[in-house]
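**Q** Let me begin by handing over the structure; questions about it come next.
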Amino acid sequence: MRIITGIAKGFKLKAPKGLVTRPTADRVKESLFNILGSDVYDAEVLDLFAGTGNLGLEALSRGATSAVFVDQDKDSMQVIKENAIHTKLIEKAEIYKTDVFFALNKFNITKKNFDLVFCDPPYNKGFVERVLESLDKLSIMEDRGLIVIEHSRKDKIDAEWKHLRLIRSQRYGATIISFFVFEKLNSKQMEEL
């Protein structure tokens, strides 16, 4: 596992020992960032269930303004910090050891907004729907912000929410990457104005 491109290109990333994390494979990550293209540049990034910090650090390397990493596992937090220091991206990183849903509510209260959210929760545990529901309901996304969710093909997710719309899904073996856009006013609401 490494940083693929940008200012930290080639830096190898550590992972916690054991099966606590399931880092995104380099080929999947490369495809994901090719799809995102220039949407990463200058983005305020949120990396949920951050694990190793792989996705948020890649975004920083590619020109994101900042990245907030959230995970409640203490070993993951230590690895994210070590990876951020090793890649020399620590000054653009905020690392929180807490429950993802507690963090989302806290960001809502403090009015912290994001352009790009990565979410790579444990598979088949119901976290995907809960995260999407929270992001749809809370005011932490910039208009036209993107949400990238890595999930199992067994995770069933709704394509349409009040403010979220599925715009693309890519399958990589048993893994699916789903891309949602956040719209403060969706097309139906626009028609009603």
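Readers should treat all values here as calculations from the given coordinates under stated rules, not as data from a laboratory. On a predicted model such as this, the values are computed, not experimentally measured, just so you know. So basically every Cβ, Gly included, is an ideal-geometry build from the backbone, and we count neighbours across all protein chains shown.
**Q** Quick one: what do you get for the chain if you divide its Cα Rg by 2.2 N^0.38 Å?
**A** For the chain, the normalised Cα radius of gyration is 0.97.
**Q** For the chain, set up a GNM with springs between Cα atoms under 10 Å and report which of Asn34, Asn108, Asn54 has the largest fluctuation.
**A** Maximum among the listed residues: Asn34.
**Q** With θ set to phi - 60° and the Karplus curve 6.51 cos²θ - 1.76 cosθ + 1.60, what are the ³J(HN,Hα) couplings of the range 58-73 in order, to the nearest whole Hz, using x for Gly and Pro?
**A** Each residue of the range 58-73 in turn: 4, 4, 4, 4, 8, x, 5, 5, 7, 9, 10, 10, 10, 7, 9, 7 Hz.
**Q** Another question, then. How big is the range 3-77 on each of its three principal axes, counting only the C-alpha atoms and giving the largest first in Å?
**A** 34, 23, 19
**Q** When a/c reaches 1.5 or more, the comparison of a/b and b/c decides; with that in mind, is the range 83-163 rounded, prolate or oblate per its Cα gyration tensor?
**A** Oblate.
**Q** So what's the range 28-116 giving for Rg/Rh, alpha carbon basis, Kirkwood Rh from the mean inverse pair distance?
**A** 0.95
**Q** Here's a follow-up. Of all trypsin sites (Lys or Arg not before Pro) in the range 99-179, which ones are in loop regions per DSSP and have a Cβ with at most 16 other Cβ atoms within 10 Å?
**A** Listed in order of number, the matching sites are Lys111, Lys112, Lys125, Arg153, Lys154, Lys156, Lys162.
**Q** Just the Kirkwood number for the range 117-161, please: inverse of mean 1/r across all distinct Cα pairs, in Å, one decimal.
**A** 11.1
**Q** Still on this structure: Taking the Cα centre of each part, how many Å lie between the range 73-117 and the range 49-65?
**A** The range 73-117 and the range 49-65 have Cα centres separated by 10 Å.
**Q** Using the Karplus curve 6.51 cos²θ - 1.76 cosθ + 1.60 with θ = phi - 60°, what ³J(HN,Hα) values do you get for each residue of the range 27-36, in whole Hz, with x for Gly and Pro?
**A** For the range 27-36, the Karplus-derived couplings read 5, 5, 4, 4, 4, 4, 6, 5, 5, 5 Hz, x marking Gly and Pro.
**Q** Go ahead and estimate [θ] at 222 nm for the chain from helices alone: -39,500 (n - 2.57) per DSSP H run with n ≥ 4, summed, over the residue count, rounded to 500.
**A** -9000 deg cm²/dmol
**Q** Right, here's the next one. Among DSSP bridges having both ends in the chain, what percentage is antiparallel? Round to the nearest 5.
**A** Working: 17 of 36 bridges.
Just about 45 percent of them are antiparallel.
**Q** Between Lys156 and Asp99, what is the FRET efficiency for a Förster distance of 25 Å, r being their Cβ-Cβ separation, to the nearest 0.05? Please list the in-between numbers first.
**A** Details: r = 23 Å, r/R0 = 0.93.
Computed FRET efficiency for Lys156 and Asp99: 0.60.
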